[in-house]
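To start, the structure under review is shown below, and the notes come after it.
The values are calculated or read from the model by the stated rules, or taken from the named source; none is laboratory data. Quick caveat: nothing in here was measured; it's all calculated off a predicted structure. Don't worry about glycine lacking a Cβ; one is built from the backbone with ideal geometry, like all the others, and counts go over all protein chains shown.
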Amino acid sequence: MIKQLIILIFLTGIIISQTKAQAIMKFNEFEPYLHRQNDTVYILNFWATWCRPCVKELPYFEQINQTHKQKKLKVILVSLDFAEDLETKLKPFIKRKNLQSEIIVMDDPDANSWIDKVDKNWSGAIPATLIYKADKRVFHEGSLNYQQIENLIKKVK
């Protein structure tokens, strides 16, 4: 019985760890994430493992995710790393940093065709964050700390 329980816990851990970075999307697949019309606050953070300011702010998004896990709030980390680096760079990074938020890998190199669709004021620089609830939206280009994210969340509630 104990052996079966250990095996079940082990397999559950594998399944959970494999689901964190499985969503590789082109922009047209991702675009619905920008327009959900419900009572949930969505935080979409655009980042990459090679971006030092992005990596520095990730713990704040993870903290927001934990602080608000009982509320209608969803943090989605949109990685702009190359999809071919998923196994060799991104997954090890996610494991090392113990990221728990949903992660989407944007595999659409023609960023000039979709940046304005995220926000018309976005230059394309990262980190960048879109926070919205239905039709209330705020966009921030540049680094954020925990309190700044909380303040942006209040603007869309």
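Identify, from the list Ile94, Ile24, Ile43, the residue that is closer than 18 Å to Val156 by Cβ and either in a helix (DSSP H, G or I) or in contact with a strand residue (DSSP E or B) (Cβ under 7 Å, 6 or more places away or on another chain) (or both). From the options Ile94, Ile24, Ile43, the qualifying one is Ile43.
State whether one or more residues within segment 17-26 are at pLDDT 95 or above and in contact with a Ser or Thr (Cβ under 7 Å, 6 or more places away or on another chain). Looking for residues that are at pLDDT 95 or above and in contact with a Ser or Thr (Cβ under 7 Å, 6 or more places away or on another chain), one finds none in segment 17-26, hence no. I'd like the full set of residues that are outside any strand (DSSP E or B) and of a type in the set (Asp, Glu), limited to segment 134-157. Selection gives Asp135, Glu150.
Filtering segment 63-101 to residues that are of a type outside the set (S, T, N, Q), surrounded by fewer than 18 Cβ atoms within 10 Å (Cβ to Cβ) and closer than 27 Å to Arg137 by Cβ leaves His68, Lys69, Lys71, Lys72, Lys74. Just one of the numbered conditions (1) within 20 Å of Ala23 (Cα to Cα); (2) free of Cβ contacts under 8 Å to residues at least 24 places away in the same chain is not true of Leu90: (2). Scanning segment 69-87 for residues that are in contact (Cβ under 8 Å) with a residue 60 or more places away in the chain and either aromatic (Phe, Trp, Tyr) or outside any helix (DSSP H, G or I) (or both) yields a total of 1. Among what's in segment 60-105 and is among the hydrophobic types (A, V, I, L, M, F, W, C) and in contact with a helix residue (DSSP H, G or I) (Cβ under 6 Å, 6 or more places away or on another chain), pick the residue that is farthest from Ile126 (Cα to Cα). Applying the filter and picking the extreme gives Ile64.
Candidates are the residues of segment 97-133 that are aliphatic (A, V, I, L, M) and assigned to a loop (DSSP other than H, G, I, E, B); the one that is farthest from Cys54 (Cα to Cα) is Leu99.
The set of residues in segment 34-62 being within 15 Å of Asn151 (Cα to Cα), of a type in the set (A, V, I, L, M, F, W, C) and either surrounded by fewer than 19 Cβ atoms within 10 Å (Cβ to Cβ) or more than 9 Å from the chain's Cα centre (by Cα) (or both) consists of Val41 alone.
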